[in-house]
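Asks: The structure under discussion is supplied below as structure tokens; questions concerning it will follow.
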Amino acid sequence: VRIDLSKPGIPVSPTLYGLMTEEINYSYDGGLYAELVRNRVFKDDDKAPVHWSVVQDAGGSAAIALDHRFPVPATALTTSLRLDAARAAQGHRVGIANAGYWGIPVKPNTRYRASFYARTAGAGGVPLTVSIEGVDGKTVYAQADGGRIDGEWKRYSVTLTTGAKVKPTTGARLVIATESPGTIWFNQVSLFPPTYNDRPNGNRVDLMQKLVDMKPRFLRFPGGNYVEGVTVDTRFKWKETLGPIAQRPGHPGTWGYRSSDGMGLLEFLEWVEDMKAEPVLAVFAGYALNGENVPAGPALQPFVQEALDEIEYVTGDVSTKWGAQRAKDGHPAPFKLRYVEIGNEDGFDKKKTYDGRYTQFHDAIKAKYPQLKLISTVNGKDWLGQQQKVTSRVPDLVDEHFYYTPLQMMHDAARYDSYERKGPKVFIGEWAAQEGEPTTDLHAALADAAFMTGMERNADVVEMSCYAPLLVNVNPGGVQWRYNLVGYDAQGSYGSPSYHVQKMFSNYLGNVSLPVTAQKVSTQTWQEAPRDETPQVLPPARDVPTMFFSATRSEQRGEIYLKVVNAIGSAQTVQVDLAGAAKVAAEGKAIVLSSAQKEDTNTIAEPAKVVPVTSKASGLGKQFSYSFAPYSVTVLVLSTK
Ligand code: AHR
């Protein structure tokens, strides 16, 4: 391998590596968004209070049902949960219980914030208790007096604190109970554990930490399919995700479950802020997943205005209508915004209307915000062979998506080596090598790393990249997409080998990409697999390299990051020649991700089976030979100081 330091190299985009997110696999509700109560506003099902159960201790008798008759005034809380306590007395309590998203996580020495709206039928003064207790009803982990409720809807909140000796479990539920007979209505029942940066409507700490550790430069949100909606009416209507959560009706998501919209537009932006990243804002562009299509022209104009308002909400100062709304919602300072994506995967639009729709958005946004870089979601031919192109305008970037098998992804590591240099820059807005479920295995991670070496070598074309999907709740029922980056249940989380690759590449990235040439690299064979049952003429089998390389230099740190992927099960020794280098220290650092089998992976039970190991590397210099472990991704940190 020859790394040519006599050439200036090419600048690496400071926003090369980021994250992509949408509500899929219980990414927010039941995932990053820390709310623990499932179906807190009783709208998950029209007919039954799903995820809720009645509590009837010995001697107590009660029933629960949905009730649409008594909305909480001046809120979006229109459906309540009615508890009819036919028989209750001291020592014979009745109540309502929620077991969360596959369990409520109980941890020692932890403060939870519970809150709910409640009212009784009469004048009342009915006392309630709130507790986190075992699903068997026997163990009480934390309990508090919930207040005395009366005939008016009011919001009650209590703090529940677990003791030092509590053993962590997910076998728990939230219970609100009474020892008085009668009828009680509840709404927006909520339970929050501590959140990242203590944000009141915030995010789960362990997951946020994993994301922060990746040092993402941007977050692409709110989708994916989620921004589009199954129908135009169920698109991500950002205006309905603002303000107090009692004002948010929620909406049907695109992946088979309802979204609470607790993760609203401002929460996305604060998430970005907490990661010290920048937003890549995807706006609805008039096309929904069921094929519904708003044609360019007057019919599309309200949606264009919706996008302009959204940009104003993100960036406007408090003298603007939507900037003032953001200040009212709690964030007076505008957010920095440089990238806006128009739609998502519009190549699937069978009517091929994207060129016109894109143009209308492009002209309106550029007229008001000429500094914004606009991203088209089509680029001729995408991973499923959809063909469409924006020809009426020149987008700043095109978003390309790739979901491939590991060998196909390794093959495509060379994709950008011969890519058209004259057109827009590339945003690889969704991609993953797919093997291993529900989070990908080492083989997939090797292929991801191979593909990323291609991004780094071609940093003049590839401006941004983000893997997808990012998050998955690994419980049965939590998984809508089979191959994902970070897995979790109610209590714990882990990064897949692919997660560690993302982290390694992002943490060790210079500002200049150096020319790298490799010789005598052995190959393995890749035969494309048919995508479905239809008879297909497949292309002949192709040779795919077994090793992949990239090198970037940090001028600030005086370091070179040589990234090497060895995709096969035996060690390979490489002669490295840093041509034209003034000085390379004999000692450096090696960060190595590897494992014995390429199918090896991480899980909730074994979260650290395949993780990078950092060690001192010696024998380095302007020319050196290095043995790369079987099935490995290595970052060699070379010091030029
Ligand atoms: O990442 C999962 C889905 O894949 C996204 O929602 C969509 O954009 C793509 O088809």
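Asks: Among (1) farther than 30 Å from Leu638 by Cα; (2) within 16 Å of the ligand (Cβ to nearest atom); (3) crowded, with 24+ Cβ neighbours inside 10 Å, there is one condition Ser496 misses while meeting the rest; what is its number?
Replies: (1)
Asks: Being buried (at least 22 other Cβ atoms within 10 Å of the Cβ), of a type in the set (A, V, I, L, M, F, W, C) and within 19 Å of Trp431 (Cα to Cα), is that true of even one residue in region 508-528?
Replies: Checked region 508-528: no residue is buried (at least 22 other Cβ atoms within 10 Å of the Cβ), of a type in the set (A, V, I, L, M, F, W, C) and within 19 Å of Trp431 (Cα to Cα).
Asks: Continuing with the same structure: When you scan region 206-232, how many residues do you find that are modelled with pLDDT of 95 or more, of a type outside the set (D, E, K, R) and within 16 Å of the ligand (Cβ to nearest atom)?
Replies: 10
Asks: Filtering region 456-493 down to residues that are under 23 Å from Pro279 (Cα atoms) and small (Gly, Ala, Ser), which residue is nearest to the ligand (Cβ to nearest atom)?
Replies: Checked region 456-493; the qualifying residue nearest to the ligand (Cβ to nearest atom) is Ala468.
Asks: Taking only region 352-383 into account, find how many residues are free of Cβ contacts under 8 Å to residues at least 60 places away in the same chain and loosely packed, with under 14 Cβ neighbours inside 10 Å.
Replies: 5
Asks: Six or more apart or on different chains, Cβ atoms under 8 Å: show the pairs whose first residue is in region 4-32 and in the same structural domain as Arg482 (by TED's automatic domain parsing) and without any contact (Cβ under 8 Å) to a residue 40 or more places away in the chain and whose second is buried (at least 24 other Cβ atoms within 10 Å of the Cβ) and not in a loop (DSSP other than H, G, I, E, B).
Replies: If the second residue must be buried (at least 24 other Cβ atoms within 10 Å of the Cβ) and not in a loop (DSSP other than H, G, I, E, B), no pairs are left.
Asks: Where residues in region 326-380 are over 19 Å from Ile311 (Cβ atoms) and polar (S, T, N, Q), which of them is farthest from the chain's Cα centre (by Cα)?
Replies: Thr353
Asks: Here is a further query. Consider Lys215 carefully, then state whether it is in contact (Cβ under 8 Å) with a residue 60 or more places away in the chain and assigned to a loop (DSSP other than H, G, I, E, B).
Replies: In short, yes.
Asks: For region 402-433, give me each residue that is closer than 26 Å to Thr546 by Cβ and within 15 Å of the ligand (Cβ to nearest atom).
Replies: Passing the criteria: Phe402, Tyr403, Tyr404, Ile428, Trp431, Ala432, Ala433.
Asks: Restricting to region 596-641, name every residue that is part of a loop (DSSP other than H, G, I, E, B), of a type outside the set (A, V, I, L, M) and over 19 Å from Asn484 (Cβ atoms).
Replies: Once the filter is applied, which keeps residues that are part of a loop (DSSP other than H, G, I, E, B), of a type outside the set (A, V, I, L, M) and over 19 Å from Asn484 (Cβ atoms), region 596-641 yields Gln597, Pro612, Ser618, Gly619, Gly621, Lys622, Pro630, Tyr631, Thr640, Lys641.
Asks: Still on this model: Where residues in region 241-269 are of a type in the set (D, E, K, R) and in contact (Cβ under 8 Å) with a residue 40 or more places away in the chain, which of them is nearest to the ligand (Cβ to nearest atom)?
Replies: In this case the residue turns out to be Arg258.
Asks: Looking only at region 535-554, count how many residues are of a type outside the set (A, V, I, L, M, F, W, C) and exposed (fewer than 11 other Cβ atoms within 10 Å of the Cβ).
Replies: So the answer is 3.
Asks: Just the residues that are under 26 Å from the mean Cα position of the chain (by Cα) and either within 13 Å of the ligand (Cβ to nearest atom) or buried (at least 18 other Cβ atoms within 10 Å of the Cβ) (or both), please, taken from region 384-401.
Replies: Of everything in region 384-401, those that are under 26 Å from the mean Cα position of the chain (by Cα) and either within 13 Å of the ligand (Cβ to nearest atom) or buried (at least 18 other Cβ atoms within 10 Å of the Cβ) (or both) turn out to be Leu384, Gln386, Pro395, Asp396, Leu397, Val398, Asp399, Glu400, His401.
Asks: Return the pair list, or none, for Cβ contacts closer than 6 Å from residues in region 399-427 that are of a type in the set (Ser, Thr, Tyr) to residues that are assigned to a helix (DSSP H, G or I), at least 6 apart or on different chains.
Replies: Matching pairs, first to second residue: Tyr416/Gly454.
Asks: Read through the list (1) more than 16 Å from the ligand (Cβ to nearest atom); (2) within 25 Å of Leu471 (Cα to Cα), then give the number of the only condition that Arg235 fails.
Replies: Only one criterion is unmet by Arg235, namely (1).
Asks: Say we look at region 227-286 and pick out the residues that are assigned to a loop (DSSP other than H, G, I, E, B) and of a type in the set (D, E, K, R); which of these is surrounded by the fewest Cβ atoms within 10 Å (Cβ to Cβ)?
Replies: Lys276
Asks: Among the residues of region 88-102, is any touching a residue at least 60 places away in the same chain (Cβ under 8 Å), among the β-branched types (Val, Ile, Thr) and in the same structural domain as Ala432 (by TED's automatic domain parsing)?
Replies: Within region 88-102, not a single residue is touching a residue at least 60 places away in the same chain (Cβ under 8 Å), among the β-branched types (Val, Ile, Thr) and in the same structural domain as Ala432 (by TED's automatic domain parsing).
Asks: Being in contact with a Leu (Cβ under 6 Å, 6 or more places away or on another chain) and free of Cβ contacts under 8 Å to residues at least 60 places away in the same chain narrows it down to one residue among Val272, Val318, Val314, Val294; which is it?
Replies: Just one listed residue meets the conditions, Val314.
The values are calculated or read from the model by the stated rules, or taken from the named source; none is laboratory data. This is a predicted model, so every value here is computed, not measured. Cβ coordinates were reconstructed from backbone atoms using ideal geometry, including for glycine residues, and neighbour counts include every protein chain displayed.
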